[in-house]
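Novice: There's a structure below that I have some questions on.
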Amino acid sequence: MTRTDHAPDLTVALFAGVVPPDGAEPLAEAAGAALARAGYALRHGGYNGLMEAAARGAARHQTPVTAITLADRPDWGAFNPFVTTTVYSPTVGARLHAYLDDADLVVAMGGGVGTLHELTAALYYATMIRPVPVRLLGPTACRLSTFLRAEGWLTESPTRPLGFLRELPDAEALTADLKALDAGRCAP
């Protein structure tokens with residue numbers, strides 16, 4: 001499953017923090033590389049931390065990296081050096097739509113309240129707007145999923161199935177999941 005011999009035809013929205021949980025940057029970099037090899041262009045906030053690590057992994061495969069941020073927020077700092085395209089959104093809602101409206105996959109890792117906001121928007125989007133696979137990657141994101149399920153924030157019902165959501169503990173699980181997603185897209 002190597003698609004990097006041509007321009008990516010899929011897009012992943014990566015939601016990940018500026019202040020990464022301990023030890024998460026190597027996982028983010030491996031995830032960026034795995035996503036690039038699977039044919040995904042990367043969208044993220046454009047900043048440092050886990051976003052930069054994932055962008056570094058994707059950039060090794062000449063994959064486009066798009067920063068989607070709010071207009072008029074220079075106080076958020078400079079973009080990481082791997083950003084190839086920038087989208088400035090006028091509102092938080094428009095920013096979330098820029099991530100999600102045509103994303104083929106959402107991957108969320110540990111982060112702060114901004115990452116949590118993006119993830120909850122993706123969960124809502126996947127249950128109410130359009131089915132899109134959402135993957136929670138790494139120990140921090142998997143623990144969050146366990147908590148949300150245990151506390152009833154994420155519940156499956158006939159009208160709101162959760163089959164779009166998977167917890168992936170590491171890069172190997174992500175790679176296997178990407179192969180399964182690719183096989184599902186290629187099936188007749």
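The values are calculated or read from the model by the stated rules, or taken from the named source; none is laboratory data. The structure presented is a predicted model; accordingly, all values stated were derived computationally and were not measured. Cβ sites come from the backbone with ideal geometry, for glycine too, and all protein chains shown count toward neighbours. With ligands, DNA and RNA removed, areas are computed over all heavy atoms of the protein, side chains included. Shrake-Rupley method; radii C 1.70, N 1.55, O 1.52, S 1.80 Å.
Novice: Could you tell me whether the stretch 143-158 includes any residue that is open to solvent by 50 Å² or more (accessible area, probe 1.4 Å), polar (S, T, N, Q) and closer than 27 Å to Leu70 by Cβ?
Specialist: At the first step, the residues of the stretch 143-158 found to be open to solvent by 50 Å² or more (accessible area, probe 1.4 Å) are 143-144, 146-147, 149-151, 153, 155-156, 158.
From what is left, the residues that are polar (S, T, N, Q) are 146, 155.
In the following step, the residues that additionally are closer than 27 Å to Leu70 by Cβ were identified as none.
Within the stretch 143-158, none of the residues are open to solvent by 50 Å² or more (accessible area, probe 1.4 Å), polar (S, T, N, Q) and closer than 27 Å to Leu70 by Cβ.
Novice: Considering the stretch 136-154 alone, what residues qualify as being assigned to a loop (DSSP other than H, G, I, E, B) and either more than 12 Å from Leu116 (Cβ to Cβ) or in contact with a helix residue (DSSP H, G or I) (Cβ under 6 Å, 6 or more places away or on another chain) (or both)?
Specialist: Gly138, Glu151, Gly152, Leu154, listed by residue number.
Novice: Among Leu116, Leu162, which is the only one that is surrounded by fewer than 20 Cβ atoms within 10 Å (Cβ to Cβ), over 24 Å from Gly39 (Cα atoms), among the aliphatic types (A, V, I, L, M) and within 13 Å of the chain's Cα centre (by Cα)?
Specialist: Unique residue meeting the criteria: Leu116.
Novice: Would you confirm, using the coordinates I've provided, whether Tyr47 is within 20 Å of Leu119 (Cβ to Cβ), open to solvent by less than 30 Å² (accessible area, probe 1.4 Å) and more than 12 Å from the chain's Cα centre (by Cα)?
Specialist: It is true that Tyr47 is within 20 Å of Leu119 (Cβ to Cβ), open to solvent by less than 30 Å² (accessible area, probe 1.4 Å) and more than 12 Å from the chain's Cα centre (by Cα).
Novice: Would you mention how many residues in the stretch 65-110 are of a type in the set (S, T, N, Q) and within 15 Å of the chain's Cα centre (by Cα)?
Specialist: Qualifying residue count for the region: 2.
Novice: Also, I was wondering about something else. On the given criteria, is Val87 β-branched (Val, Ile, Thr), open to solvent by 20 Å² or more (accessible area, probe 1.4 Å) and closer than 17 Å to Pro20 by Cβ?
Specialist: Considered against the rule, which asks whether it is β-branched (Val, Ile, Thr), open to solvent by 20 Å² or more (accessible area, probe 1.4 Å) and closer than 17 Å to Pro20 by Cβ, Val87 comes out as no.
Novice: At positive phi and either out of contact with any Phe, Trp or Tyr (no Cβ under 9 Å at 6 or more places or on another chain) or open to solvent by 10 Å² or more (accessible area, probe 1.4 Å) (or both), is that true of Gly39? So that I can check it myself, show each step before the final result.
Specialist: Working: at positive phi: yes; either out of contact with any Phe, Trp or Tyr (no Cβ under 9 Å at 6 or more places or on another chain) or open to solvent by 10 Å² or more (accessible area, probe 1.4 Å) (or both): yes.
Yes.
Novice: Do you know which of the residues in the stretch 91-122 that are out of contact with any strand residue (DSSP E or B) (no Cβ under 8 Å at 6 or more places or on another chain) and not in a helix (DSSP H, G or I) is farthest from Val65 (Cα to Cα)?
Specialist: Going through the qualifying residues, I end up with Gly112.
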